[in-house]
1. Excluding residues fewer than 8 places away in the same chain, name every one of the aspartates and glutamates whose C-alpha is closer than 15 Å to that of LYS520.
2. Over all alpha-carbon pairs in the stretch 446-569, figure out the percentage whose distance exceeds 17 Å.
3. How about LYS100: which lysines have a C-alpha closer than 18 Å to its C-alpha, ignoring those fewer than 8 places off in the same chain?
4. So what is the relative contact order of the stretch 50-196, in percent, for Cα pairs below 8 Å that sit 6 or more residues apart?
5. For helix 236-254, what angle does its Cα long axis make with the longest principal axis of the chain, in degrees from 0 to 90 and rounded to 10?
6. State, to one decimal in nm, how far the label point of ASP69 lies from the label point of LYS524, with both points 7 Å from Cα in the Cβ direction.
7. Could you list the residues of the stretch 74-94 with an amide nitrogen less than 11 Å from a label point located 7 Å from the Cα of VAL117 in the Cα-to-C-beta direction?
8. For the chain, take the longest principal axis of its alpha carbons; what is the angle in degrees between that and the long axis of helix 209-219, to the nearest 10 within 0 to 90?
Amino acid sequence: MLKGVPQTMDITSIKAILNNLSNEILPSKFEAAQQPEPNTIQIGFRGINNFNWIEVCWQGDCARIIKIDRPEKQGNTSTLARQLSCGLKYMALVSIKQDKFERVIQLEFAKRPGDKVSKFLIFELMGKHSNIFYLDKNQKIIALGKQIKSSQSSYRKISTGNYYSPPPSNDFKKEPKEDETFEEWKENLSSFPEPLKNSLLNTYQGVSPILIKQIDHISKLKKYDLMSKNILLIDDKYLKEIFITWKKWINCFVNNKFSYSSFDNYFYSVWFQDNKANTKVNLSKELSYYYDHFLKLKKIEELVKKIDSLIYKQSNIEKKNFNIQNKLLKNSESHEEYKQKADNIFLNLQISKEDVIEAQNLYKKSKKLKRSKNLIYDRLSIYSEKLRRLDEFSVLLENLSSINIGTLKIKIDLLNELKEELCSEFNLNTNKKNHTKLKPINKDSNPIEINSPEGIVIQIGRNMRQNDLISFKFSKKQDLWFHAQETPGSHVILKASTKTPTEADIQVSADIAAFFCKAKGNNKVPISLVKIKDLQKIKNGGPGCVSFKNSEIIWGNPTRGKEYIKKNTQK
């Protein structure tokens with residue numbers, strides 16, 4: 001599974017998507033705006049026969065404009081979304097403009113097609129300098145994505161109420177032309193006698209690192225690593241091959257000949273067609289799918305890191321508290337020594353008033369230490385239980401991050417739920433209001449359900465709430481509960497109430513419980529088998545905290561459990 005930030009949307013991708021959008025949504029009526037994330041706006045447009053949504057993001061590492069399916073309703077009360085919804089209400093999108101190789105997009109709005117333009121939306125998709133502007137008819141800024149102070153930029157100050165001024169142009173670079181000859185191209189690049197990729201970047205407009213990677217790929221000269229070599233040291237026969245690919249890019253860009261294809265299992269292109277690619281694919285849909293997929297992978301990676309960091313930090317706190325109580329326990333065990341010292345004082349034949357006072361103080365200290373011993377044991381038990389719970393969270397996190405079952409959206413939901421559970425149980429502040437109020441479990445993130453060899457349903461919890469639900473709310477007295485003995489792991493339920501299970505059903509359930517526990521690296525894991533009627537929820541314990549009686553031990557095989565899960569969850 002590939003993770004990390006998706007491919008940057010360069011000028012070629014921007015022009016390709018704008019070409020498609022112009023054909024699909026012009027003209028159309030503004031309908032709605034919402035801001036699901038701080039740096040992302042989603043806008044809905046109603047056409048004659050359709051309803052379209054676009055998403056624009058001005059986050060530095062993934063600035064983009066794409067067409068998306070109807071999104072979930074969220075973020076429509078943000079200040080920017082409300083300003084757009086009020087200001088553009090009943091207005092029509094009449095034009096989408098983008099000039100040559102500039103990464104500035106201008107959406108123009110009028111009361112109706114044919115009327116004078118009275119509102120503008122401008123998107124600057126330029127890496128860390130990306131931004132969004134909502135302007136009135138005089139180009140005055142009504143709202144924007146982020147303000148730029150004079151101390152942050154020597155070129156322009158950006159804030160509401162100011163008049164919009166475009167970013168600095170790249171006129172110092174040459175504009176790529178279709179009629180340019182190889183000799184002219186080489187001469188232009190030679191004015192920067194440095195690695196070829198740097199010469200291309202510094203000489204021509206519209207060139208990006210991803211375009212260089214694409215040119216290198218389609219030229220089929222990657223093995224020679226020409227892009228890292230000084231242009232003066234590259235043989236002309238290789239340079240001509242690169243030039244041919246260069247001209248293909250210019251032709252596609254100038255004449256709007258765009259088509260989607262992917263390469264190297266991660267990157268995409270909108271100007272050359274992979275031989276294996278389907279020529280009938282919809283570019284807008286493919287770009288939407290690409291960013292949706294890899295942004296979800298990025299979100300998963302961020303959530304895993306965040307939860308792991310919270311667990312690590314809280315574990316250190318609980319370990320520190322546990323060690324403090326351990327030291328206090330050692331001190332409390334010396335209460336007999338203080339009592340003995342006091343006794344020895346009264347054994348003396350001559351006792352002064354000072355001796356009596358000293359003995360009394362020793363007795364008091366001895367009694368205090370003796371009383372505190374039981375309290376310390378209680379505290380040690382509390383901190384030990386907290387560490388055990390954190391260990392359970394860690395195992396559930398590891399399972400969620402390493403076992404790919406269900407869609408990426410389900411995985412994100414499960415991770416968010418796990419984070420909420422952790423914050424609620426340990427009262428952690430994550431700068432979210434009402435984080436202690438857990439939302440109802442998402443319908444799409446229900447526990448894993450597969451069938452046993454004889455067709456009996458097996459349920460597997462993937463976070464604390466799911467463990468709690470399948471063990472108590474969803475289960476019946478005749479069902480069987482499986483859990484790794486003395487080690488954290490998921491709860492596994494065999495729905496024996498629906499059908500009498502065979503030995504194979506029970507063994508598979510034990511194998512699955514072994515696979516979803518901390519000890520899954522072992523060849524065999526002892527699994528506790530308990531009837532639901534013998535299972536009890538621990539009072540004041542967190543979700544999934546149980547106690548039981550009349551358990552039976554079955555040896556589970558994690559490898560068999562993994563193979564069974566893989567076989568029965570493949571689509």
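Values in this text are rule-based calculations from the coordinates and carry no lab data. Everything quoted here is computed from the prediction, not taken from an experiment. Cβ coordinates were reconstructed from backbone atoms using ideal geometry, including for glycine residues, and neighbour counts include every protein chain displayed.
1. Within reach: ASP391, GLU392, GLU398, GLU486, ASP511, GLU563.
2. Roughly 50 percent, rounded to a whole number.
3. Correct list for LYS100: LYS15, LYS173, LYS174, LYS177, LYS247, LYS248, LYS257.
4. Value for the stretch 50-196: 15 percent.
5. For helix 236-254, the angle is close to 90 degrees.
6. Modelled inter-label distance: 4.8 nm.
7. 94
8. It is inclined by approximately 70 degrees.
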